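The structure appears below as structure tokens.
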Amino acid sequence: MKQAIPFYGRMIHPQGKPNYVIPYGTKGEAINSIDRRKLNEMLLTVAENQPNVTLHFEHKLTRIDFDQMELTFSNPQSSEGVTVKHDFIFGCDGSYSTVRRQVMRVSRLNYQQEYIDHGYKELTMPATETGEYAMKPNYLHIWAKEEFMMIAFPNLDHSFTVTLYMPYAIYNQINTHEEILSFFQDNFADAVTKIGEKQLVKDFLQNPIGNFMSVKCTPHHLEGKCLLLGDAAHAMVPFYGQGMNCGFEDCLVFSELMDQFGGDCSKAAQEYSLKRVQDAHAICD
């Protein structure tokens, strides 16, 4: 928890009115925020310290031969690719999962994908000239509007990561320096001075717009050969903050089933699909 920052509530920023706090509890309860990159690094460190785990970077999965139990990867060091044998595959490769696409080639996996009309753009609110946070750090800061909103998370370096959620139709109307500054002054005036006009315009023009996609599929396994986990099986929009939590819960549920079935991946995966698909669809919906 040394890398986490506790949030005691939401700090609401109404335009032209004083900020106010909506606490997460009545007894000082808090939720903890952690930088995704740092969490990934910590998990990788734990994984590489396991005696039966080998990490391979810069390998992109291109094809799976489930009959021959072979995976083929492209690699910058090899023009012919790298092919390896496998016993069982865990597909944890995200919402655009290659493993899922390969499973769909050889099975009757039902798959549903849906984009929403909103996209997100990340901006940076730097630390002040004295190196302090520009806003109170122990809150999730929210600027809420009817069609769009902006939120800000504090980082350990005293900056904030600011994320704007907005329909593509509105993004398409904001193209010039003047339009950017006018839009933010009209909707997020107190954030403009903290971000800085130069930084704001630079981030808005240079940073891409990210998509929001919901993914559902069933079953989550290929009999005796593969299991989809995390976003590969059930990507969801982030507004309830449950995507990563759901992925961690996938691991917990499967681990419990592995104990139940004595380490038999095939039986555990089949039972996992029966048990988990309904829950995954419910959180996506």
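If I ask for residues that are under 22 Å from Ile31 (Cβ atoms), buried (at least 19 other Cβ atoms within 10 Å of the Cβ) and at pLDDT 95 or above, which ones from the stretch 235-285 would you list? If the condition is that a residue be under 22 Å from Ile31 (Cβ atoms), buried (at least 19 other Cβ atoms within 10 Å of the Cβ) and at pLDDT 95 or above, then Asp250 is the only one that fits.
Considering the stretch 100-120, the residues that are more than 18 Å from Ala280 (Cα to Cα), open to solvent by less than 90 Å² (accessible area, probe 1.4 Å) and of a type outside the set (Phe, Trp, Tyr) include one that is nearest to the chain's Cα centre (by Cα), namely Gly119. If the condition is being of a type in the set (Gly, Ala, Ser) and surrounded by 15 or more Cβ atoms within 10 Å (Cβ to Cβ), then the stretch 182-195 contributes only Ala191. Quick one: would you say Gly262 is assigned to a loop (DSSP other than H, G, I, E, B) and over 23 Å from Ile151 (Cβ atoms)? Taking the combined requirement at face value, the residue satisfies it. Taken over the stretch 106-121, the residue count meeting the criterion of being in a loop (DSSP other than H, G, I, E, B) and touching a helix residue (DSSP H, G or I) at 6+ places or on another chain (Cβ under 8 Å) is 1. For first residues located in the stretch 203-221 and outside any strand (DSSP E or B), partners that are hydroxyl-bearing (Ser, Thr, Tyr) and lie 6+ apart or on another chain with Cβ distances below 8 Å form the pairs Asp203/Thr124; Ile209/Tyr120; Ile209/Tyr168; Ile209/Tyr171; Pro219/Ser273; His220/Tyr272; His220/Ser273. Set side by side, the residues Gln206, Gln173 differ, and just one is open to solvent by 60 Å² or more (accessible area, probe 1.4 Å), within 25 Å of the chain's Cα centre (by Cα) and not hydrophobic (A, V, I, L, M, F, W, C), which is Gln206. Scanning the stretch 138-170 for residues that are crowded, with 19+ Cβ neighbours inside 10 Å, touching a Phe, Trp or Tyr at 6+ places or on another chain (Cβ under 7 Å) and not aromatic (Phe, Trp, Tyr), we see that the one that is nearest to Gly25 (Cα to Cα) is Leu140. Whether any residue in the stretch 41-58 is in a strand (DSSP E or B) and over 27 Å from Asp264 (Cα atoms) is what I want to check. Taking every residue of the stretch 41-58 in turn, none turns out to be in a strand (DSSP E or B) and over 27 Å from Asp264 (Cα atoms). Is at least one residue of the stretch 220-229 loosely packed, with under 15 Cβ neighbours inside 10 Å, at pLDDT below 95 and acidic (Asp, Glu)? Checked against the condition, which is being loosely packed, with under 15 Cβ neighbours inside 10 Å, at pLDDT below 95 and acidic (Asp, Glu), the stretch 220-229 yields at least one hit.
When each of Thr124, Thr130 is tested for being β-branched (Val, Ile, Thr) and part of a loop (DSSP other than H, G, I, E, B), the lone residue that passes is Thr130. Would you confirm whether or not the stretch 129-137 contains a residue that is under 21 Å from Ala269 (Cα atoms) and open to solvent by 80 Å² or more (accessible area, probe 1.4 Å)? So far as the stretch 129-137 goes, no, none of its residues is under 21 Å from Ala269 (Cα atoms) and open to solvent by 80 Å² or more (accessible area, probe 1.4 Å). In the list Lys17, Lys85, which residue meets the criterion of being exposed (fewer than 10 other Cβ atoms within 10 Å of the Cβ) and touching a strand residue (DSSP E or B) at 6+ places or on another chain (Cβ under 8 Å)? That would be Lys85, the only listed residue that is exposed (fewer than 10 other Cβ atoms within 10 Å of the Cβ) and touching a strand residue (DSSP E or B) at 6+ places or on another chain (Cβ under 8 Å).
Which residues, counting only those in the stretch 20-40, are part of a loop (DSSP other than H, G, I, E, B) and open to solvent by 80 Å² or more (accessible area, probe 1.4 Å)? Scanning the stretch 20-40 gives Thr26, Lys27, Glu29. Taking every residue in the stretch 13-29 that is farther than 15 Å from Tyr139 by Cα and pairing it with any residue that is part of a loop (DSSP other than H, G, I, E, B) and open to solvent by less than 80 Å² (accessible area, probe 1.4 Å), at least 6 positions away or on another chain, the pairs with Cβ-Cβ distances below 9 Å are Gln15/Lys145; Gln15/Phe188. Evaluated against (1) modelled with pLDDT of 95 or more; (2) touching a His at 6+ places or on another chain (Cβ under 9 Å); (3) part of a strand (DSSP E or B), Val103 falls short on exactly one condition, (3).
The values are calculated or read from the model by the stated rules, or taken from the named source; none is laboratory data. As the structure is a prediction and not an experimental result, all values here were calculated from the model. Note: ideal-geometry Cβ built from the backbone for every residue, glycine included; neighbour counts use all protein chains shown. Surface areas here come from the heavy atoms of the whole protein model, side chains and all, with no ligands, DNA or RNA. Shrake-Rupley method; radii C 1.70, N 1.55, O 1.52, S 1.80 Å.
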